[in-house]
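The values are calculated or read from the model by the stated rules, or taken from the named source; none is laboratory data. Remember, it's a predicted structure, so these values are computed and weren't measured experimentally. Here Cβ is always computed from backbone atoms with ideal geometry, including for glycine, and neighbour counts include all displayed protein chains.
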Amino acid sequence: MSLSSRLGGGLVALGCVGLFGCAAHESPQVTVQQASASLQKVKDDADVLRSAPRDVIRASESLSRAERLASYWGTRDDVAQYAYLSQRYSEIAREHTQLVLNKEKLARQDLERQRLQLALRESKLNSVQQQGKALEEQFVSMATTETDRGLVLTLGDVLFDSGEADLKPSANRMILKLVQFLQLNPKRVVRIEGYTDNTGDSEFNLELSKDRAQTVADTLVDLGIDEKRLQVQGYGDQYPVEANASERGRAMNRRVEIVFSDEKGVLGAAR
Amino acid sequence: MRIQAFIAVAALLALAGCASDPAPSEQLRLTEQAVDQARAVGATDDVAEMKLASDKLAAALAANGSQSYRQARLLAEQAELDARLAEAKVLTEKSQQQLTQVNTRIVRLHKQLGEVQ
């Protein structure tokens, strides 16, 4: 190595350390090789070329600059810089591609969801028609009452089996009515409150009450109600409407209550 | 006075060959914009790239303040892309969550349809 080149290298190193202590610590050649490998990977990916061509071009331009500068003396920082930028553009290209792919998939899945929603609504309507009016009496426990909490619809125990959170098919009619009501009143929101009787320990009851309320909410969402309009709350065995002493009283206490907001979407405070 | 200034400039030139770099105001503006935009879509310092971006932007502003314009520019350029990568990652993550959610609903709908029929 000649004296002058050694001196030159020394000066460059001094400049690097003194004024720019933040460049990559690996040698620039390694950084360039890494950037080049990353770029090659995204270039080989047809999805990336289709979804993020601009990022690939920028990665490619930055890499060429790094490679060109690497043949000069005293450009160590710039080589590292452009290799870094190229690397970043490749990574950004990859993320943008994933985003585009996800969005395409989301659009397809959303169509599928709508199709299933319609099918479900139709089949629920059919089953309601089949059940006919004989079921009418079963809904005596379902009544809307004006309370200090606002308008409240009570779904009685008849809609759930004891200890279960799944809705029985007999709930279809009421759920459809509720969906229809919410569609006709798009500004109203509801709070879905679950309650149980006092059988079993209170922690289990709290979970069960939440699960029941959530089931009702999920079904409403499945039928096309925006979940932003639904709040879900479990109260366990609190706030009984009847004494838990008799089976009749316990049945009355196993319920889900739907609290409606006013027409402007203002909901009363939770209990 | 003027001679002192000349010597200071000459010393900088000799050491780094970069004193001719102008203040990277436009790049700093771009970087700040990219960082703000990443924050706006919900990138926090928990995202590694976002932390890098905010740290480098702070360092770039400090370097700019002490007239190390070249260092300020290099840092700001890196921070801009760090922020853009952080933003892209957050958006991808969000779309992934939406996808999971809609898939859950589809599974639930299939289950319900199976029960009704």
(message) Restricting to the range B:73-94, and then to whatever is without any contact (Cβ under 8 Å) to a residue 24 or more places away in the chain and more than 16 Å from residue A:82 (Cα to Cα), can you tell me which residue is farthest from the other protein chains (Cβ to nearest Cβ)?
(response) B:93
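Yes/no matrix, rows are residues, columns are (1) out of contact with any strand residue (DSSP E or B) (no Cβ under 6 Å at 6 or more places or on another chain); (2) surrounded by fewer than 16 Cβ atoms within 10 Å (Cβ to Cβ); (3) of a type in the set (A, V, I, L, M):
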{"site": "A:168", "(1), (2), (3)": "yes, yes, no"}
{"site": "A:173", "(1), (2), (3)": "yes, no, no"}
{"site": "A:205", "(1), (2), (3)": "yes, no, no"}
{"site": "A:268", "(1), (2), (3)": "no, no, no"}
(request) Would you mind finding the one in A:121, A:94 that is more than 30 Å from residue A:177 (Cα to Cα) and either within 11 Å of another protein chain (Cβ to nearest Cβ) or part of a helix (DSSP H, G or I) (or both)? (result) A:94
(request) Considering every residue within the range A:98-110, establish whether at least one is modelled with pLDDT under 90 and more than 7 Å from chain B (Cβ to nearest Cβ). (result) no
(request) Please find, among A:127, A:71, the residue that is in a helix (DSSP H, G or I), of a type in the set (S, T, N, Q), more than 24 Å from residue B:49 (Cα to Cα) and not assigned by TED's automatic domain parsing to the domain that holds residue A:179. (result) A:127
(request) Output the number of residues of the range B:50-69 satisfying the condition of being touching an Asp or Glu at 6+ places or on another chain (Cβ under 6 Å) and buried (at least 23 other Cβ atoms within 10 Å of the Cβ). (result) 1
(request) Go through the range B:80-101 and give me each residue that's surrounded by fewer than 18 Cβ atoms within 10 Å (Cβ to Cβ) and aliphatic (A, V, I, L, M). (result) B:99
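Quick grid of which residues meet (1) more than 25 Å from the chain's Cα centre (by Cα); (2) within 14 Å of another protein chain (Cβ to nearest Cβ); (3) over 25 Å from residue B:113 (Cβ atoms):
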position: A:175; (1), (2), (3): no, yes, no
position: A:186; (1), (2), (3): no, no, yes
position: A:194; (1), (2), (3): no, no, no
position: A:202; (1), (2), (3): yes, no, yes
position: A:207; (1), (2), (3): no, no, yes
position: A:228; (1), (2), (3): no, yes, no
position: A:247; (1), (2), (3): yes, no, yes
position: A:250; (1), (2), (3): yes, no, yes
position: A:264; (1), (2), (3): yes, no, yes
